[in-house]
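Notes follow the structure.
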Amino acid sequence: MSSLINTAMSGLSAAQQLLNSTANNISNYTIAGYNRQTTIISEAQNSFNGNSWYGNGVIVNGVQRRYDALIDSQLRNASAKNSAQSTHYIQLSSIDKQMALEGNTLNDGLATFFDALQNVVNNAADPAARQTVMSQAAALTNQFTNTQARLDQQQRDINTQLRDEVATINRYTQQIATLNQRIAQLSQSGDIPNNLLDQRDQAVRELNEHVGVNVAMQDGSMVVSIANGFTLVNGTKCYELEAVTANADPDQVTIGYRDKNGDKVELPERMFKDGAIGGLLAFRSDELTPLQNRLGQLTLAFVTAINDVQLQGYDLNGEQGESLFTIGQPVVKTNALNQGDATLNAVYTDPQQVQASDYQIVFKEGNWQVTRLSDNHSVQVEADAGDNGTALHFDGLTITVTGTPVENDRYLLQPVKQITHQFALNFTDPNKLAAAEDLSGESDNRNMQKMLDLQSQKWVGGTQTFNQAWGSAVSFIATQTKSYASAADVSAAIITQLTARQQAVSGVNLDEEYANLTHYQQYYIANTQVLNTASALFDALISVRS
């Protein structure tokens, strides 16, 4: 009789646990990162009696969460890639919208300026035509400088976002390390804290949105690292990233960490391919910096060409023309890790040959090596020694070196990236426009015709007209924007497919859980009936003995 009661009680206990798991699944249906839990039961150890083995009901082995590590890894990789592509697209679309504003693009401003020059060509002595040129010149400088300001603001925004991303990453890595510790402590008793495992996995998924990570298990603890192998979490220890000022360029924030001595160590940006950080860094290097350089190259070519013609002619006062515009000069930035005292100064020698690129200049084995960063091409350098130091000549530039460099000292040359900031009118008097080729009279328009002819000449890099140069820049950004929009859509579709697979294993299906409730309820009631039967039989035996 006791065997029958014990068997029924084991069934009741199992049914109760099954109902509890089902209820827990239903209540956690909306919780992000929750993995469906299943109570595992098995047949209890049989007993040998007489010539046979007899069953003793069931035992509850524990509660198992439904989790597939392979699918989770695939979903994590796809999510990190999608996060990078989406972040990249958001940055690109912001610039694309600004550059495509109808009637307010740089090409519109250039066209209006040259139209104004045409009016002076038609009537060089007309004060109204001359004033229109000056007005359009002022408007054009504002368009250039405003475009530069917007691009520079976007660079500052990238710096801010990188700092925010690093702070977020550090919060997640601390959370994961803490969960590793709690899971290890609770697991010592043999129990598996499923809720903490869910929380840890969800923290990794959210971290992965900010920086793509690899995950490995070691003695029950999770080891989390960036794709290149830099460890973020190992057991109960987390290793913080830091947003640091770049050694090569103090205007840019990059990613690094502090070593044991507290010194700043930069991590190569190529390590960060996925996650929001990967998207931000890729946008800055692949589109934002090239666009700033294209703008600067256009500014240099336009101002040089206009000023050259202006200096050749004569104004209404019979004076030799003076420069219509002013712009900035090339910038050379000294790397913060340099050991020598050498300084480099750059000037333009042939603006028409200046490229839309930054350069890395390194002193190595007694020579200066120059790399054009836009195409990572090693540049042929002509070097000569003079009274003012060593001079380096390449790509329409001359770099003068003074002081003594040390092996591996390096410098960042930015020939055109910031020069548009100083783009301004040199004078406002319309009478100073040098329309005349000589002193033959105020109706002479021959020099102004030369200025008008610049519109169709290939001054930008020696290969493009002014409109072609900026038109190709606009087209480049538009193409990149469409490309990343498409890539983000594709990766989002992959995530949808993988999420469906993951949910098929780990997700809560309410219809299934409702069915289980009914099934386990019947199971519970059936075992209750067995217990009632055993009780009735026991009462009958007691009655007989009485």
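Observations on the structure shown:
For every residue, the table says whether it meets (1) basic (K, R); (2) surrounded by fewer than 18 Cβ atoms within 10 Å (Cβ to Cβ); (3) at pLDDT below 95.
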{"residue": "Y172", "(1), (2), (3)": "no, no, no"}
{"residue": "V211", "(1), (2), (3)": "no, no, no"}
{"residue": "A216", "(1), (2), (3)": "no, yes, yes"}
{"residue": "A246", "(1), (2), (3)": "no, no, no"}
{"residue": "V265", "(1), (2), (3)": "no, yes, yes"}
{"residue": "R270", "(1), (2), (3)": "yes, yes, yes"}
{"residue": "K273", "(1), (2), (3)": "yes, no, yes"}
{"residue": "L280", "(1), (2), (3)": "no, no, no"}
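- Which listed residue is without any contact (Cβ under 8 Å) to a residue 60 or more places away in the chain and farther than 26 Å from N208 by Cβ, from V544, V530: V544
- Residue within the range 135-154 that is without any contact (Cβ under 8 Å) to a residue 12 or more places away in the chain, among the basic types (K, R) and surrounded by fewer than 19 Cβ atoms within 10 Å (Cβ to Cβ) present: no
- Considering residues of the range 81-95 that are among the β-branched types (V, I, T) and either at pLDDT 95 or above or touching a Ser or Thr at 6+ places or on another chain (Cβ under 6 Å) (or both) only, the residue surrounded by the most Cβ atoms within 10 Å (Cβ to Cβ): T87
- Residues being without any contact (Cβ under 8 Å) to a residue 40 or more places away in the chain and either closer than 12 Å to P415 by Cβ or part of a strand (DSSP E or B) (or both) - total across the range 371-384: 9
Yes/no matrix, rows are residues, columns are (1) in the same structural domain as T7 (by TED's automatic domain parsing); (2) in a helix (DSSP H, G or I); (3) within 30 Å of L4 (Cα to Cα); (4) under 43 Å from the mean Cα position of the chain (by Cα):
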| residue | (1), (2), (3), (4) |
| --- | --- |
| G471 | no, yes, no, yes |
| F476 | no, yes, no, yes |
| S483 | no, yes, no, yes |
| A488 | no, yes, no, yes |
| R501 | no, yes, no, yes |
| D511 | yes, yes, no, yes |
| H519 | yes, yes, yes, no |
| T528 | yes, yes, yes, no |
| S535 | yes, yes, yes, no |
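- In the range 96-112, residue farthest from L291 (Cα to Cα) [restricted to those that are surrounded by fewer than 22 Cβ atoms within 10 Å (Cβ to Cβ) and modelled with pLDDT of 90 or more]: T112
- Any hit, the range 28-51, residues being without any contact (Cβ under 8 Å) to a residue 12 or more places away in the chain, over 56 Å from the mean Cα position of the chain (by Cα) and in a strand (DSSP E or B): yes
- Positions within the range 28-62 being closer than 12 Å to A14 by Cβ and either crowded, with 16+ Cβ neighbours inside 10 Å or aliphatic (A, V, I, L, M) (or both), in sequence order: T39, I40, I41, A44, G57, V58, I59, V60
- When the range 508-524 is filtered for residues that are closer than 14 Å to R36 by Cβ and buried (at least 17 other Cβ atoms within 10 Å of the Cβ), the ones remaining, listed by number, are V508, E513, N516.
- Residues that are of a type in the set (D, E, K, R) and closer than 30 Å to S73 by Cβ do occur in the range 479-493, at least one of them.
- If the condition is being of a type in the set (V, I, T), in contact with a Phe, Trp or Tyr (Cβ under 9 Å, 6 or more places away or on another chain) and part of a strand (DSSP E or B), then the range 344-370 contributes I361, V362, V370.
- Looking across E287, E319, one residue alone is within 37 Å of the chain's Cα centre (by Cα) and among the charged types (D, E, K, R). It is E287.
- Residue within the range 113-125 that is over 15 Å from M451 (Cβ atoms), in a helix (DSSP H, G or I) and in contact with a helix residue (DSSP H, G or I) (Cβ under 9 Å, 6 or more places away or on another chain) present: no
- Summed over the range 402-451, residues that are surrounded by 16 or more Cβ atoms within 10 Å (Cβ to Cβ), more than 36 Å from the chain's Cα centre (by Cα) and assigned to a strand (DSSP E or B) total 1.
- Tally of residues being at pLDDT 95 or above and either outside any helix (DSSP H, G or I) or farther than 23 Å from E269 by Cα (or both) across the range 150-170: 0
The values are calculated or read from the model by the stated rules, or taken from the named source; none is laboratory data. Owing to the predicted nature of the structure, the values given are computational and were not obtained by experimental measurement. Cβ coordinates were reconstructed from backbone atoms using ideal geometry, including for glycine residues, and neighbour counts include every protein chain displayed.
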